[in-house]
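Engineer: Can you read through this structure? Questions will come right after.
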4 protein chains.
Amino acid sequence: MIDSVGPAVTAFKAGDRVLISCVSACGKCEYCRKGMFSHCTTGGWILGNTIDGTQAEFVRTPHADTSLYPIPEGADEEALVMLSDILPTGFECGVLNGKVQPGATVAIVGAGPVGLAALLTAQFYSPAEIIMIDLDDNRLAVAKRFGATQTINSTDGKAVEALMKLTHNKGVDTAIEAVGVPATFELCEQIIAPGGIIANIGVHGVPVTLHLERLWDRNISITTRLVDTASTPMLLDVLGAHKIDPTLLITHRFKFDDILEAYETFGHAAKTKALKVLIEA
Amino acid sequence: MIDSVGPAVTAFKAGDRVLISCVSACGKCEYCRKGMFSHCTTGGWILGNTIDGTQAEFVRTPHADTSLYPIPEGADEEALVMLSDILPTGFECGVLNGKVQPGATVAIVGAGPVGLAALLTAQFYSPAEIIMIDLDDNRLAVAKRFGATQTINSTDGKAVEALMKLTHNKGVDTAIEAVGVPATFELCEQIIAPGGIIANIGVHGVPVTLHLERLWDRNISITTRLVDTASTPMLLDVLGAHKIDPTLLITHRFKFDDILEAYETFGHAAKTKALKVLIEA
Amino acid sequence: MIDSVGPAVTAFKAGDRVLISCVSACGKCEYCRKGMFSHCTTGGWILGNTIDGTQAEFVRTPHADTSLYPIPEGADEEALVMLSDILPTGFECGVLNGKVQPGATVAIVGAGPVGLAALLTAQFYSPAEIIMIDLDDNRLAVAKRFGATQTINSTDGKAVEALMKLTHNKGVDTAIEAVGVPATFELCEQIIAPGGIIANIGVHGVPVTLHLERLWDRNISITTRLVDTASTPMLLDVLGAHKIDPTLLITHRFKFDDILEAYETFGHAAKTKALKVLIEA
Amino acid sequence: MIDSVGPAVTAFKAGDRVLISCVSACGKCEYCRKGMFSHCTTGGWILGNTIDGTQAEFVRTPHADTSLYPIPEGADEEALVMLSDILPTGFECGVLNGKVQPGATVAIVGAGPVGLAALLTAQFYSPAEIIMIDLDDNRLAVAKRFGATQTINSTDGKAVEALMKLTHNKGVDTAIEAVGVPATFELCEQIIAPGGIIANIGVHGVPVTLHLERLWDRNISITTRLVDTASTPMLLDVLGAHKIDPTLLITHRFKFDDILEAYETFGHAAKTKALKVLIEA
């Protein structure tokens, strides 16, 4: 439910039910005009980052007119929570940037929530293979249920060999990096086919080694992206048509009063097998 | 003049004057069907690489039907020599991959022949600024004559600061790497604007450091490419319309009998100021 | 099984099992270099059109090297017959030209074999709605089974009103014309949303009226295309991954000796409910 | 100079010098989010159409935050007047929709102001040929000065033959319709090459005949568009770099008090040779 303070909100009125995007967009600046809301000069990823987030009874949302989306009648609100951040992140940074195509071969490195979001949304484009790579057998089992055609547990350090065998030594058309450490990015460099795209989603804290001595003549692309949430209207349409079930990502639900327990659960995901944890009003 | 031996050549006949592309394409394999001739499974960059090149009175060219181009009547044959390799390399790997647009800001790092070829062909798209960066004042002066709007001599190690000042701290929409060493690639990483593209042309011998800790959220792309020469028909059309003068790249001419002197001249380019050296029949 | 006469075929050898594409491509001409095989200067749609077709024990196929596709091991050969013509036609002329997107609203006018091929392949891109329009309730029932989300019988002349109601007066993002008469094309003009695409597949014998007085300011596109079969490798990959079952289109099977009966059945499709009729060796 | 009344304008302040775009964009609606400002649900082309225009001492501009552009320091204000409407119209509807490419062959039918705007902006992409077609020799002479490589006076009804001769019977890659009557649109249908695009700019009052019986298999596209002015930032950048001189379009200047004379002059363009008429403050 929204109520306006400060500059007049005209696109919504008090009482409207809305989706709050994780990215705030002024709609006016150079970047917003290009749909690159993540770099909005007075917005971008500020909620829960440079200002308080939305785990509160009342929230002031910046640039409301261009950062909220009306909730369609009859929509599953739990599913919609996944559209604030995780689903557009996997979709835009991984699937759209990675140009997943019908019949293509895709590898997703990292079967955490964002890797699984990429897995769910990659299927919009009917790739022939989606190969999920992770260290955790439980997550790989989840990935299989979510639509992965093959899984590779990379604990033994032989993921490259395993993947090359699966792809008849061609490598993959799209490699989606969904972890954010050098080892996983460099794995993507080794499995990408000529003409392929490495789409980085991971939040990296240190540099990686780019093997241009092997890649300079391979006709590849590498992309980075902070989610713009520009695909939210499309995702709402796909969700409305029941082409995807993002509630699969929700493993735990807590009341607002039990929020500390929720964080505890999310903080020990390997043990609790938590993917996304929902706080209910 | 061509004369056929081996499998029948049907697209050309003996006596035809033709342009021999530096990349051989069978026209049948998975990669050729995508226009990615550089990765042709039985061709690609083989002339002068894995088999003898074309500095000879008679040459057998592989996959002739799909690797030669008829010379248009009245064409300037010296200009056409530049279309075998250098011009499509600068154009495809730098300008096309870098998606140079009208009004955009472009930096080209390296004012050698291939960087200058990128400079000449970038102007097909009317960018607002083309900033040339090199260590050599002579080459930068050449770049100015060829259409660079700004030049930066990076000898003092302050190219980043200089470029940022020229671009009002925005950086560039397209950064074209035309050297092939870590320092120049990493310079591109520092000057690329959010949403921009680093188009690598350089042949790298060692890895580079990719600062994903700074770039993961910048919405950039990095591309690599071995020239496909798929743009040759377009370049022939542009050349035929006198929209470009690639003979600007030719600084020296030698008779076939003086070929060793030609190599000597090309091998000491800093002293001789050689760009491209032409061997005449 | 192929056996070569005339110019040497090098990409295939006698005994190989191959798919013969309905379009022959020399791989060398201006159009083939662009992937526009339909306009190959010495090929294109010639089989069964300007030369004899393939309903024979032995066939000479022109430009074999670049017009045949090896049959993957274990492939369903009945399904592959649909990849010679009908499936790439619906896919390229309808779905690719129509830029079907996840979450989009698509109308297909005409539920004959080619319209149904567009219906099957449109689902590669997860549109929210695929609305099938036809005069025949049987074909509309088939369309429902093939994945149409809505159907409209246009016998009453009120298809526009019905579609507008289904789309909340927005019209459709993609309208695929799969009949080839003025009435159905002009129906597409009436139901296309601002920014949408009318993708024509139909073979038209007479002109249509283009209502530019209504459409000049609607930001729409209209596309025409003779199938290029350039998407055959992609369709083979999608088929290999069991993302589509084109054998759904096969309603009847006849032995080669009963070929006249096969034509009879196909010629009275309304009565026999024939979609595609297979001739078995 | 702007001064705000009504909803607060935050992107500009009183005293700012601004360019008023001919299209008003709310920045919030479904269409504005796609950059299709022409179809803004509360804006679009309303100035001088459904509400008063800007020929006044004071003007209230709707959706000011997202419909005005700051005038760069040192900019030529006369040139900027051409960026409100005529230049983006020729560029977006003709050149961008028509996908003009380096080396391509372009025809522009109609050498009035909007056709000439297309001519000026088509040169951003270095086409090999721009063939201008009109009935008026004076306008064709202007077109030559503006960069047309060939001109055809179509008074004799033989424009198709003349163009086909100029293009060696290939026709053109892009045909830009800049008149708005059936004869000129149908001329475009006759001169378009296989794979080409007819980009309509003209405002049509009656239907045209679309010869699908000839075009269904020609792999062409036809586009329509009401200018979105989404390219204004790009055009400002190109103008700032002096890559275009739109003041060429200004043939007459009048003081505000002589505005009726200005309209008189513009109303008799054939006699006065007026292209664009400027009203000075």
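What follows is calculated from the coordinates using simple rules that are stated; it is not laboratory data. Worth saying up front: this structure is predicted, and the values here are computed from it rather than measured. Virtual Cβ from ideal backbone geometry, glycine too; neighbours counted across all protein chains shown.
Engineer: Based solely on its DSSP helices, what 222 nm [θ] is calculated for the protein assembly as shown when runs of n ≥ 4 H residues each add -39,500 (n - 2.57) and the sum is averaged over all residues, nearest 500 deg cm²/dmol?
Structural biologist: Helices in the protein assembly as shown give a 222 nm mean residue ellipticity of -6500 deg cm²/dmol.
Engineer: Let me ask something additional. Once the cut-off is 17 Å, how many percent of the Cα-Cα pairs in the stretch D:1-80 end up in the long-distance tail?
Structural biologist: That tail contains 48 percent of the Cα-Cα pairs.
Engineer: How big is the dipole moment of chain D about its Cα centre under a simple scheme where the beta carbon of each Lys and Arg is +1, that of each Asp and Glu is -1, and everything else is neutral? Debye, nearest 20, please.
Structural biologist: Details: 22 positive and 32 negative charges, 119 e Å.
Here the size comes out at about 580 debye.
Engineer: Taking θ as phi - 60°, what are the ³J(HN,Hα) couplings along the stretch A:245-256 by the Karplus curve (6.51, -1.76, 1.60), each to the nearest whole Hz, with x for Gly and Pro?
Structural biologist: 10, x, 5, 4, 6, 8, 9, 9, 10, 9, 6, 3
Engineer: Name the residues whose placed amide hydrogens come within less than 5 Å of the amide hydrogen of B:Arg253, ignoring near sequence neighbours (fewer than 5 apart) on the same chain.
Structural biologist: Those qualifying (amide H under 5 Å, at least 5 residues apart or on another chain) are B:Leu278.
Engineer: Treating only the Cβ of Lys, Arg, Asp and Glu as charged (+1, +1, -1, -1), what charge dipole size does the stretch C:45-178 show about its Cα centre? Round to the nearest 20 debye. Show your work: numbers first, answer last.
Structural biologist: Numbers: 8 positive and 17 negative charges, 124 e Å.
For the stretch C:45-178, the charge dipole is close to 600 debye.
Engineer: Between C:Val206 and A:Glu213, what is the label-to-label distance in nm when each label sits 7 Å out along the Cα-to-Cβ direction?
Structural biologist: About 7.2 nm, to one decimal.
Engineer: Sorted by packing (mean other beta-carbon atoms within 10 Å per residue), highest first, where do B:83-92, B:257-266, D:35-44 land?
Structural biologist: Ranked from most to least packed, the peptides come out as B:83-92, D:35-44, B:257-266.
Engineer: Other chains near D:193-202: what is the mean number of their Cβ atoms within 10 Å of each residue's Cβ?
Structural biologist: Numbers: counts 1, 8, 8, 0, 2, 1, 1, 6, 1, 2.
Mean partner shielding for this stretch: 3.
Engineer: Note down the net charge around B:Thr224, summing +1 for each Lys or Arg and -1 for each Asp or Glu among other residues with Cβ under 13 Å from its Cβ.
Structural biologist: On the way: positive: A:Arg214, A:Arg218, B:Arg225; negative: A:Glu189, A:Glu213, A:Asp217, B:Glu92, B:Glu177, B:Asp228.
Around B:Thr224, the surrounding residues sum to -3.
Engineer: Given label points at 7 Å from Cα along Cα→Cβ, what nm distances, shortest first, separate D:Gly35 from the same residue in every other copy?
Structural biologist: Shortest to longest, the spacings are 0.7, 2.0, 2.1 nm.
Engineer: Separate question: Quick one: net charge around C:Thr89, please, counting Lys, Arg +1 and Asp, Glu -1 for every other residue with C-beta under 15 Å from its C-beta.
Structural biologist: Summing Lys/Arg as +1 and Asp/Glu as -1 gives -3.
Engineer: Calculated FRET efficiency, C:Ala141 and C:Asp52, Cβ-Cβ r, R0 51 Å, to nearest 0.05?
Structural biologist: It comes out at approximately 0.90.
Engineer: Please list the non-local residues whose amide H lies under 5 Å from the amide H of A:Gly44, H modeled 1.01 Å from N, same-chain partners needing a gap of 5 or more.
Structural biologist: Excluding prolines and chain starts, which carry no amide H, the hits are A:Ser24, A:Ala25, A:Cys26.
Engineer: Taking the stretch C:87-223 on its own, what percent of its Cα-Cα pair distances exceed 24 Å?
Structural biologist: Tail fraction, whole percent: 17.
Engineer: Right, here's the next one. What percent of all Cα-Cα pairs in chain B falls in each 5 Å bin, counting up from 0?
Structural biologist: Calculated over all Cα pairs of chain B, the distribution is 1, 5, 12, 15, 18, 16, 13, 9, 5, 3, 1, 0 percent.
Engineer: Picking from B:Ala193, B:Ala64, B:Ala75, which is most flexible by a Gaussian network model of chain B using Cα springs under 10 Å?
Structural biologist: Per the Cα network of chain B with a 10 Å cutoff, B:Ala75 tops the list.
Engineer: While we're here: Skipping prolines and chain starts, which residues have an amide H placed within reach, meaning under 5 Å, of the one on B:Ala107, given they are 5 or more residues away or on another chain?
Structural biologist: B:Ile131, B:Thr174, B:Ala175, B:Ile176
Engineer: Given contacts defined as C-alpha pairs under 8 Å and at least six residues apart, what's the relative contact order of chain C, whole-number percent?
Structural biologist: Reported as a whole number, the value is 16 percent.
Engineer: Now a separate question. List residues of the stretch A:135-154, by number, whose backbone nitrogen lies under 18 Å from a label position 7 Å along Cα→C-beta of A:Ala270.
Structural biologist: Under 18 Å, as judged by backbone N against the label point of A:Ala270, lie A:135-142, A:153-154 of the stretch A:135-154.
Engineer: If you place +1 on the Cβ of every Lys and Arg and -1 on the Cβ of every Asp and Glu, how big does the dipole about the Cα centre of the protein assembly as shown come out, in debye to the nearest 20?
Structural biologist: Dipole of the protein assembly as shown, to the nearest 20 debye: 0 debye.
Engineer: For a quick check of your reading of the filter: which GluC sites (Glu not before Pro) in the stretch B:53-83 sit in a DSSP loop and have no more than 16 other Cβ atoms within 10 Å? If you can, show how the numbers build up before the last one.
Structural biologist: Numbers: sites: B:Glu57, B:Glu73, B:Glu77, B:Glu78; in loops: B:Glu57, B:Glu73.
Passing both the DSSP loop test and the Cβ count: B:Glu57, B:Glu73.
Engineer: Per-residue Cβ counts within 10 Å, from other chains only, averaged over A:257-263: what number is that?
Structural biologist: Shielding by partners across A:257-263 averages 0.
Engineer: Given Cα pairs under 8 Å that are at least 6 residues apart, what percent is the relative contact order of the stretch D:90-223?
Structural biologist: Normalised by residue count, the contact order of the stretch D:90-223 is 25 percent.
Engineer: Whole-Hz ³J(HN,Hα) for each residue in the stretch C:36-52, computed from phi via Karplus 6.51 cos²θ - 1.76 cosθ + 1.60 with θ = phi - 60°, x for glycine and proline: what do you get?
Structural biologist: Running phi through 6.51 cos²θ - 1.76 cosθ + 1.60 with θ = phi - 60° gives 9, 4, 4, 10, 3, 5, 10, x, x, 7, 10, 4, x, 10, 9, 10, 4 Hz.
Engineer: How many angstrom lie between the Cα centre of the stretch B:66-126 and the Cα centre of the stretch A:108-185?
Structural biologist: Distance between centres, Cα-based: 38 Å.
Engineer: For B:Glu280, which inter-copy label distances result when the label point lies 7 Å beyond Cα on the Cα-to-Cβ vector, reported in nm to one decimal and in ascending order?
Structural biologist: 5.8, 7.4, 8.8
Engineer: From the label point of C:Glu264, set 7 Å from Cα along Cα→Cβ, how far away are the matching label points in the other copies, in nm, ordered shortest to longest?
Structural biologist: 8.0, 8.4, 8.9
Engineer: Using the Karplus curve 6.51 cos²θ - 1.76 cosθ + 1.60 with θ = phi - 60°, work out ³J(HN,Hα) for each residue of the stretch A:160-166 in order, rounded to whole Hz, and write x for Gly and Pro.
Structural biologist: Couplings: 4, 4, 4, 5, 4, 5, 4 Hz.
Engineer: What is the mean number of Cβ atoms from other protein chains located within 10 Å of the Cβ atom of each residue in peptide D:57-69, rounded to a whole number?
Structural biologist: 1
Engineer: My understanding is that a pair violates if its Cα-Cα distance is over 24 Å; which of A:Lys34/B:Lys170; A:Lys271/C:Lys243; B:Lys276/D:Lys144; C:Lys144/C:Lys276 do that in this structure?
Structural biologist: In this structure, A:Lys271/C:Lys243; B:Lys276/D:Lys144 exceed 24 Å between Cα atoms.
Engineer: Quick check on the protein assembly as shown: take the gyration tensor over C-alpha atoms, sort the square-rooted eigenvalues as a ≥ b ≥ c, and tell me if it's rounded (a/c under 1.5), prolate or oblate.
Structural biologist: Note, shape of the protein assembly as shown comes out rounded.
Engineer: A further question follows. I need the chymotrypsin sites (Phe, Trp or Tyr not before Pro) found in the stretch B:92-185, filtered to DSSP loop residues with at most 10 other beta carbons within 10 Å of theirs.
Structural biologist: Hits after loop and neighbour filter: nothing returned.
Engineer: Where along chain C is the Cβ that lies nearest the axis linking it to chain A, and how many Å separate them?
Structural biologist: Closest Cβ on chain C to the axis mapping it onto A, in Å: C:Tyr125, 3.
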